[in-house]
Amino acid sequence: MCAKSRTLAATAAACALALAVAGCGGTTKNSAGSDAKQQAAGATAHPDAPLKKGLKIAFLPKQINNPYEKIVDDAGIAAAKGFAATAKEVGPSDAKASSQVSYINTLIQQRQNAILIAANDPNAVCGPLKQAMRQDIKVVAYDSDTAKDCRQLFINQASSEEIGRSQVRHLAQQLHYKGEIAILSATENATNQNTWIGFMKDELKKPKYKDMKLVKVAYGDDDDQKSFQETQGLLKAYPNLKGIISPTTVGIAAAARYISSSSYKGKVVLNGLGTPNQMRKFVKDGTVEQFALWDPKNLGRLGAYAAAALASGRITGAEGEKFKAGDLGEYTVGKDGEVILGPPTVFDAKNIDEYDF
Ligand code: RAM
(Lines give C-alpha, C1' and ligand atoms only; values in the text may rest on other atoms or scores of the structure.)
Protein backbone atom coordinates (compact mmCIF):
# COMPACT_ATOMS: atom_id res chain seq x y z
CA MET A 1 0.00 0.00 0.00
CA CYS A 2 1.26 3.44 0.74
CA ALA A 3 3.47 3.37 3.79
CA LYS A 4 6.29 5.82 4.19
CA SER A 5 9.73 5.05 2.82
CA ARG A 6 8.16 3.12 0.00
CA THR A 7 7.37 4.34 -3.45
CA LEU A 8 3.80 3.63 -4.40
CA ALA A 9 3.78 0.76 -6.83
CA ALA A 10 0.34 1.62 -8.09
CA THR A 11 1.06 5.28 -8.72
CA ALA A 12 1.49 4.99 -12.45
CA ALA A 13 -1.73 3.10 -12.94
CA ALA A 14 -3.46 5.26 -10.39
CA CYS A 15 -2.49 8.46 -12.09
CA ALA A 16 -3.33 7.17 -15.53
CA LEU A 17 -6.75 6.33 -14.18
CA ALA A 18 -7.05 9.65 -12.40
CA LEU A 19 -6.23 11.42 -15.64
CA ALA A 20 -8.83 9.41 -17.47
CA VAL A 21 -11.59 9.69 -14.94
CA ALA A 22 -11.01 13.00 -13.26
CA GLY A 23 -8.90 15.09 -15.56
CA CYS A 24 -6.27 15.26 -12.80
CA GLY A 25 -3.17 17.07 -13.84
CA GLY A 26 -4.41 17.27 -17.37
CA THR A 27 -2.41 20.32 -18.23
CA THR A 28 -0.79 20.52 -21.61
CA LYS A 29 2.87 20.20 -20.94
CA ASN A 30 4.49 23.17 -22.54
CA SER A 31 8.19 23.49 -22.94
CA ALA A 32 8.37 26.57 -20.72
CA GLY A 33 6.89 24.62 -17.83
CA SER A 34 9.18 21.64 -18.22
CA ASP A 35 12.17 23.94 -18.49
CA ALA A 36 11.16 25.75 -15.35
CA LYS A 37 10.96 22.49 -13.46
CA GLN A 38 14.21 21.06 -14.83
CA GLN A 39 16.05 24.29 -14.28
CA ALA A 40 14.74 24.43 -10.74
CA ALA A 41 15.51 20.79 -10.10
CA GLY A 42 19.19 21.20 -10.97
CA ALA A 43 21.29 18.28 -12.03
CA THR A 44 22.20 16.56 -8.80
CA ALA A 45 20.91 16.05 -5.32
CA HIS A 46 23.31 16.41 -2.42
CA PRO A 47 21.76 14.16 0.22
CA ASP A 48 24.36 15.10 2.84
CA ALA A 49 24.09 18.85 2.36
CA PRO A 50 23.26 20.56 5.66
CA LEU A 51 19.74 21.91 6.05
CA LYS A 52 20.06 25.63 5.27
CA LYS A 53 19.36 27.98 8.15
CA GLY A 54 16.99 30.92 7.84
CA LEU A 55 14.94 29.50 4.98
CA LYS A 56 11.77 31.42 4.17
CA ILE A 57 8.86 29.04 3.69
CA ALA A 58 5.26 29.98 2.90
CA PHE A 59 2.15 27.84 3.17
CA LEU A 60 -0.62 28.77 0.74
CA PRO A 61 -3.69 26.72 1.67
CA LYS A 62 -6.91 26.38 -0.34
CA GLN A 63 -8.42 28.96 1.97
CA ILE A 64 -7.27 30.33 5.31
CA ASN A 65 -10.57 29.94 7.16
CA ASN A 66 -10.79 26.17 6.73
CA PRO A 67 -10.10 24.56 10.15
CA TYR A 68 -8.42 21.55 8.53
CA GLU A 69 -6.00 23.65 6.50
CA LYS A 70 -5.20 25.66 9.61
CA ILE A 71 -4.17 22.53 11.51
CA VAL A 72 -1.95 21.43 8.61
CA ASP A 73 -0.26 24.79 8.23
CA ASP A 74 0.20 25.51 11.94
CA ALA A 75 1.97 22.18 12.34
CA GLY A 76 4.14 22.87 9.29
CA ILE A 77 5.06 26.31 10.61
CA ALA A 78 5.98 24.84 14.01
CA ALA A 79 8.13 22.16 12.35
CA ALA A 80 9.90 24.83 10.27
CA LYS A 81 10.74 26.79 13.41
CA GLY A 82 12.36 23.63 14.72
CA PHE A 83 14.93 23.76 11.91
CA ALA A 84 15.48 27.51 12.14
CA ALA A 85 13.33 28.49 9.17
CA THR A 86 10.86 31.36 9.04
CA ALA A 87 7.50 30.04 7.99
CA LYS A 88 4.11 31.65 7.53
CA GLU A 89 0.65 31.03 6.14
CA VAL A 90 -1.00 33.33 3.61
CA GLY A 91 -4.00 32.73 1.44
CA PRO A 92 -7.47 33.55 0.20
CA SER A 93 -10.70 33.35 2.17
CA ASP A 94 -12.44 31.36 -0.55
CA ALA A 95 -11.39 28.29 -2.50
CA LYS A 96 -12.07 29.64 -6.01
CA ALA A 97 -9.88 28.41 -8.86
CA SER A 98 -7.81 31.55 -9.32
CA SER A 99 -7.95 32.98 -5.80
CA GLN A 100 -4.37 31.90 -5.03
CA VAL A 101 -2.68 33.57 -8.00
CA SER A 102 -2.08 37.00 -6.46
CA TYR A 103 -0.63 35.37 -3.33
CA ILE A 104 1.91 33.42 -5.39
CA ASN A 105 2.99 36.62 -7.13
CA THR A 106 3.52 38.33 -3.79
CA LEU A 107 5.50 35.37 -2.43
CA ILE A 108 7.76 35.54 -5.49
CA GLN A 109 8.37 39.25 -4.88
CA GLN A 110 9.21 38.45 -1.28
CA ARG A 111 11.84 35.96 -2.45
CA GLN A 112 10.56 33.08 -0.39
CA ASN A 113 12.78 29.98 -0.61
CA ALA A 114 9.82 27.62 -0.90
CA ILE A 115 6.09 27.86 -1.53
CA LEU A 116 3.80 25.08 -0.35
CA ILE A 117 0.43 25.16 -2.07
CA ALA A 118 -2.83 23.22 -1.61
CA ALA A 119 -4.09 23.96 -5.09
CA ASN A 120 -7.66 25.04 -5.70
CA ASP A 121 -7.24 24.18 -9.37
CA PRO A 122 -4.56 22.09 -11.06
CA ASN A 123 -3.91 24.62 -13.82
CA ALA A 124 -5.01 28.11 -12.74
CA VAL A 125 -1.93 28.48 -10.51
CA CYS A 126 0.57 27.12 -13.01
CA GLY A 127 1.82 30.31 -14.65
CA PRO A 128 2.98 31.97 -11.44
CA LEU A 129 4.30 28.71 -9.97
CA LYS A 130 6.48 28.13 -13.04
CA GLN A 131 7.64 31.70 -12.69
CA ALA A 132 8.59 30.94 -9.08
CA MET A 133 10.55 27.81 -10.05
CA ARG A 134 12.41 29.74 -12.73
CA GLN A 135 13.57 32.06 -9.96
CA ASP A 136 14.78 29.11 -7.91
CA ILE A 137 11.88 29.20 -5.49
CA LYS A 138 11.00 25.60 -4.67
CA VAL A 139 7.37 24.63 -5.16
CA VAL A 140 5.71 21.87 -3.17
CA ALA A 141 2.05 21.00 -3.60
CA TYR A 142 0.43 19.46 -0.55
CA ASP A 143 -3.11 18.23 0.13
CA SER A 144 -4.32 19.14 -3.39
CA ASP A 145 -1.98 18.84 -6.34
CA THR A 146 -1.23 21.15 -9.23
CA ALA A 147 -0.52 19.83 -12.71
CA LYS A 148 2.71 17.89 -12.42
CA ASP A 149 4.98 20.29 -14.26
CA CYS A 150 3.98 23.19 -12.00
CA ARG A 151 5.63 21.90 -8.83
CA GLN A 152 8.61 19.81 -7.79
CA LEU A 153 6.88 17.63 -5.22
CA PHE A 154 3.37 16.67 -4.23
CA ILE A 155 2.95 15.70 -0.58
CA ASN A 156 -0.10 13.49 -0.71
CA GLN A 157 -1.90 12.69 2.54
CA ALA A 158 -2.48 9.10 1.46
CA SER A 159 -2.76 7.15 -1.76
CA SER A 160 -5.46 8.94 -3.79
CA GLU A 161 -6.70 5.63 -5.09
CA GLU A 162 -7.03 4.17 -1.61
CA ILE A 163 -8.85 7.25 -0.33
CA GLY A 164 -11.35 7.17 -3.20
CA ARG A 165 -12.05 3.45 -3.25
CA SER A 166 -12.23 3.07 0.52
CA GLN A 167 -14.86 5.80 0.77
CA VAL A 168 -17.15 3.72 -1.44
CA ARG A 169 -16.26 0.46 0.32
CA HIS A 170 -17.13 1.90 3.73
CA LEU A 171 -20.43 3.43 2.68
CA ALA A 172 -21.42 0.27 0.76
CA GLN A 173 -20.90 -1.87 3.85
CA GLN A 174 -23.07 0.48 5.88
CA LEU A 175 -25.81 0.36 3.21
CA HIS A 176 -25.55 -3.40 2.63
CA TYR A 177 -24.64 -2.63 -0.97
CA LYS A 178 -28.02 -1.12 -1.83
CA GLY A 179 -29.52 2.24 -2.65
CA GLU A 180 -29.03 5.64 -4.17
CA ILE A 181 -26.04 7.63 -3.05
CA ALA A 182 -24.68 11.14 -3.62
CA ILE A 183 -21.37 12.89 -3.16
CA LEU A 184 -21.08 16.27 -1.48
CA SER A 185 -17.72 17.59 -2.62
CA ALA A 186 -15.69 20.77 -2.14
CA THR A 187 -15.21 23.01 -5.22
CA GLU A 188 -15.72 21.78 -8.75
CA ASN A 189 -12.02 22.33 -9.56
CA ALA A 190 -10.35 20.86 -6.47
CA THR A 191 -7.67 18.47 -7.69
CA ASN A 192 -7.76 16.23 -4.63
CA GLN A 193 -11.53 15.77 -4.45
CA ASN A 194 -11.82 15.27 -8.20
CA THR A 195 -9.12 12.62 -8.18
CA TRP A 196 -10.81 10.79 -5.29
CA ILE A 197 -14.22 11.05 -6.96
CA GLY A 198 -12.72 9.55 -10.12
CA PHE A 199 -11.65 6.52 -8.11
CA MET A 200 -15.03 6.37 -6.34
CA LYS A 201 -16.82 6.21 -9.69
CA ASP A 202 -14.44 3.54 -10.89
CA GLU A 203 -14.95 1.52 -7.72
CA LEU A 204 -18.73 1.73 -8.17
CA LYS A 205 -18.40 -0.01 -11.54
CA LYS A 206 -17.57 -3.30 -9.81
CA PRO A 207 -20.39 -5.87 -9.89
CA LYS A 208 -20.75 -5.94 -6.11
CA TYR A 209 -22.10 -2.38 -6.24
CA LYS A 210 -24.69 -3.12 -8.96
CA ASP A 211 -27.56 -2.20 -6.63
CA MET A 212 -26.03 1.13 -5.71
CA LYS A 213 -26.46 4.21 -7.85
CA LEU A 214 -24.58 7.50 -7.69
CA VAL A 215 -27.31 10.03 -8.47
CA LYS A 216 -25.48 13.32 -8.05
CA VAL A 217 -22.20 15.02 -7.24
CA ALA A 218 -22.96 18.30 -5.47
CA TYR A 219 -20.45 21.03 -4.63
CA GLY A 220 -20.46 22.89 -1.33
CA ASP A 221 -17.30 24.83 -2.29
CA ASP A 222 -15.75 24.14 1.13
CA ASP A 223 -18.12 26.80 2.38
CA ASP A 224 -20.07 25.81 5.47
CA GLN A 225 -23.36 27.47 4.52
CA LYS A 226 -23.31 26.33 0.91
CA SER A 227 -22.46 22.77 1.98
CA PHE A 228 -25.36 22.85 4.47
CA GLN A 229 -27.77 24.02 1.77
CA GLU A 230 -26.49 21.53 -0.79
CA THR A 231 -27.14 18.71 1.68
CA GLN A 232 -30.66 19.95 2.20
CA GLY A 233 -31.11 20.19 -1.58
CA LEU A 234 -29.81 16.67 -2.20
CA LEU A 235 -32.13 15.12 0.35
CA LYS A 236 -35.10 16.98 -1.05
CA ALA A 237 -34.33 16.26 -4.69
CA TYR A 238 -33.66 12.56 -4.13
CA PRO A 239 -36.22 11.20 -1.66
CA ASN A 240 -34.77 7.68 -1.99
CA LEU A 241 -31.25 8.78 -1.15
CA LYS A 242 -29.68 6.32 1.28
CA GLY A 243 -26.16 7.61 1.64
CA ILE A 244 -23.87 10.60 1.17
CA ILE A 245 -20.09 10.61 0.86
CA SER A 246 -18.55 13.97 1.68
CA PRO A 247 -14.79 13.83 1.03
CA THR A 248 -14.19 17.24 2.57
CA THR A 249 -13.92 18.20 6.22
CA VAL A 250 -16.01 21.33 5.63
CA GLY A 251 -18.68 19.42 3.70
CA ILE A 252 -19.08 16.49 6.07
CA ALA A 253 -19.37 18.74 9.13
CA ALA A 254 -22.05 20.89 7.48
CA ALA A 255 -23.92 17.85 6.17
CA ALA A 256 -23.84 16.25 9.63
CA ARG A 257 -25.19 19.44 11.18
CA TYR A 258 -28.10 19.49 8.74
CA ILE A 259 -28.90 15.79 9.11
CA SER A 260 -28.58 15.81 12.91
CA SER A 261 -31.59 18.08 13.30
CA SER A 262 -33.68 16.70 10.43
CA SER A 263 -35.97 13.74 9.91
CA TYR A 264 -33.16 12.08 7.91
CA LYS A 265 -31.15 11.37 11.05
CA GLY A 266 -30.74 7.63 11.43
CA LYS A 267 -32.15 7.06 7.93
CA VAL A 268 -29.47 8.49 5.66
CA VAL A 269 -25.89 7.33 6.14
CA LEU A 270 -23.21 10.02 6.00
CA ASN A 271 -19.57 9.04 5.56
CA GLY A 272 -16.53 10.86 4.24
CA LEU A 273 -13.45 12.75 5.44
CA GLY A 274 -13.67 14.84 8.59
CA THR A 275 -11.69 15.99 11.60
CA PRO A 276 -12.48 14.17 14.86
CA ASN A 277 -12.97 17.47 16.72
CA GLN A 278 -15.55 18.73 14.24
CA MET A 279 -17.33 15.38 13.98
CA ARG A 280 -17.27 14.22 17.60
CA LYS A 281 -20.70 15.50 18.53
CA PHE A 282 -22.29 13.94 15.45
CA VAL A 283 -20.76 10.58 16.25
CA LYS A 284 -21.93 10.86 19.86
CA ASP A 285 -25.50 11.81 18.86
CA GLY A 286 -25.73 8.99 16.33
CA THR A 287 -25.86 11.13 13.15
CA VAL A 288 -22.62 9.63 11.84
CA GLU A 289 -21.26 6.17 12.45
CA GLN A 290 -17.83 6.54 10.91
CA PHE A 291 -15.59 8.75 8.77
CA ALA A 292 -11.90 8.88 7.94
CA LEU A 293 -8.90 11.20 7.79
CA TRP A 294 -5.13 11.26 8.04
CA ASP A 295 -3.31 13.26 10.69
CA PRO A 296 -3.33 16.82 9.28
CA LYS A 297 -0.48 17.84 11.58
CA ASN A 298 1.78 15.23 10.06
CA LEU A 299 0.85 16.41 6.58
CA GLY A 300 2.02 19.93 7.47
CA ARG A 301 5.20 18.64 9.07
CA LEU A 302 6.06 16.44 6.13
CA GLY A 303 5.45 19.37 3.78
CA ALA A 304 7.78 21.61 5.75
CA TYR A 305 10.60 19.05 5.80
CA ALA A 306 10.17 18.31 2.10
CA ALA A 307 10.33 22.02 1.23
CA ALA A 308 13.48 22.45 3.33
CA ALA A 309 15.12 19.39 1.79
CA LEU A 310 14.48 20.84 -1.69
CA ALA A 311 15.60 24.34 -0.77
CA SER A 312 18.79 22.95 0.79
CA GLY A 313 19.64 20.89 -2.29
CA ARG A 314 19.30 17.56 -0.50
CA ILE A 315 16.71 16.43 -3.03
CA THR A 316 15.61 17.70 -6.43
CA GLY A 317 12.21 16.03 -6.61
CA ALA A 318 13.41 13.05 -8.66
CA GLU A 319 11.95 9.59 -8.10
CA GLY A 320 13.83 7.48 -5.57
CA GLU A 321 15.40 10.33 -3.60
CA LYS A 322 15.09 10.03 0.17
CA PHE A 323 14.83 12.67 2.85
CA LYS A 324 14.37 12.80 6.60
CA ALA A 325 11.25 14.41 8.00
CA GLY A 326 12.17 14.83 11.66
CA ASP A 327 10.30 12.46 13.97
CA LEU A 328 8.20 11.23 11.07
CA GLY A 329 11.21 9.34 9.75
CA GLU A 330 12.49 8.88 6.24
CA TYR A 331 10.40 9.31 3.10
CA THR A 332 11.06 8.45 -0.52
CA VAL A 333 10.05 10.50 -3.51
CA GLY A 334 7.80 8.39 -5.73
CA LYS A 335 6.84 8.66 -9.36
CA ASP A 336 6.02 12.16 -10.61
CA GLY A 337 7.40 13.71 -7.45
CA GLU A 338 4.73 12.22 -5.19
CA VAL A 339 5.46 11.62 -1.51
CA ILE A 340 2.79 9.77 0.45
CA LEU A 341 2.22 10.41 4.14
CA GLY A 342 0.51 7.13 4.99
CA PRO A 343 -2.83 5.38 5.18
CA PRO A 344 -5.86 7.22 6.63
CA THR A 345 -7.48 6.33 9.96
CA VAL A 346 -11.17 5.43 10.29
CA PHE A 347 -12.87 7.10 13.27
CA ASP A 348 -15.98 5.84 15.03
CA ALA A 349 -17.54 5.88 18.51
CA LYS A 350 -14.92 3.46 19.80
CA ASN A 351 -11.80 5.46 18.97
CA ILE A 352 -12.83 9.07 18.38
CA ASP A 353 -11.95 10.22 21.89
CA GLU A 354 -8.36 9.16 21.37
CA TYR A 355 -7.90 11.98 18.84
CA ASP A 356 -7.70 15.71 19.36
CA PHE A 357 -7.48 17.60 16.09
C1 RAM B 1 -11.16 19.95 3.17
C2 RAM B 1 -10.32 20.38 2.01
C3 RAM B 1 -9.03 19.59 1.92
C4 RAM B 1 -9.29 18.11 2.03
C5 RAM B 1 -10.02 17.81 3.30
C6 RAM B 1 -10.34 16.35 3.45
O7 RAM B 1 -10.67 20.49 4.34
O8 RAM B 1 -11.05 20.26 0.83
O9 RAM B 1 -8.40 19.87 0.70
O10 RAM B 1 -8.09 17.38 2.01
O11 RAM B 1 -11.25 18.55 3.30
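Key figures
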{"quantity": "For Val250: the one exception among (1) more than 23 Å from Asp74 (Cα to Cα); (2) open to solvent by 10 Å² or more (accessible area, probe 1.4 Å)", "calculated": "(1)"}
{"quantity": "Criterion violated by Phe154 - all others in (1) part of a loop (DSSP other than H, G, I, E, B); (2) crowded, with 24+ Cβ neighbours inside 10 Å; (3) more than 11 Å from the ligand (Cβ to nearest atom) satisfied", "calculated": "(1)"}
{"quantity": "Hits in region 168-182 - residues which are open to solvent by less than 40 Å² (accessible area, probe 1.4 Å) and in contact with a Leu (Cβ under 7 Å, 6 or more places away or on another chain)", "calculated": "Val168, Ile181, Ala182"}
{"quantity": "Residue check for Gly286: under 20 Å from Thr249 (Cα atoms), open to solvent by 10 Å² or more (accessible area, probe 1.4 Å), more than 16 Å from the ligand (Cβ to nearest atom) and touching a residue at least 12 places away in the same chain (Cβ under 8 Å)", "calculated": "yes"}
{"quantity": "Check on Leu184, away from the ligand (no atom under 16 Å from the Cβ) and in contact with a strand residue (DSSP E or B) (Cβ under 6 Å, 6 or more places away or on another chain)", "calculated": "no"}
{"quantity": "Of all residues making up region 75-88, the number that are open to solvent by 30 Å² or more (accessible area, probe 1.4 Å) and part of a helix (DSSP H, G or I)", "calculated": "3"}
{"quantity": "Single residue of Ala80, Ala158, Ala85, Ala141 found to be touching a strand residue (DSSP E or B) at 6+ places or on another chain (Cβ under 9 Å) and without any contact (Cβ under 8 Å) to a residue 60 or more places away in the chain", "calculated": "Ala141"}
{"quantity": "In region 64-74, the residues that are open to solvent by 10 Å² or more (accessible area, probe 1.4 Å) and touching a Gly at 6+ places or on another chain (Cβ under 8 Å)", "calculated": "Ile64, Ile71, Asp74"}
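The values are calculated or read from the model by the stated rules, or taken from the named source; none is laboratory data. Since the model is a prediction, treat every value here as computed from it, not as a measurement. As a convention, Cβ positions derive from the backbone with ideal geometry for all residues, glycine included, and neighbour counts pool all protein chains shown. Heads up: the accessible areas ignore ligands, DNA and RNA and are worked out on the full protein's heavy atoms, side chains in. Shrake-Rupley method; radii C 1.70, N 1.55, O 1.52, S 1.80 Å.
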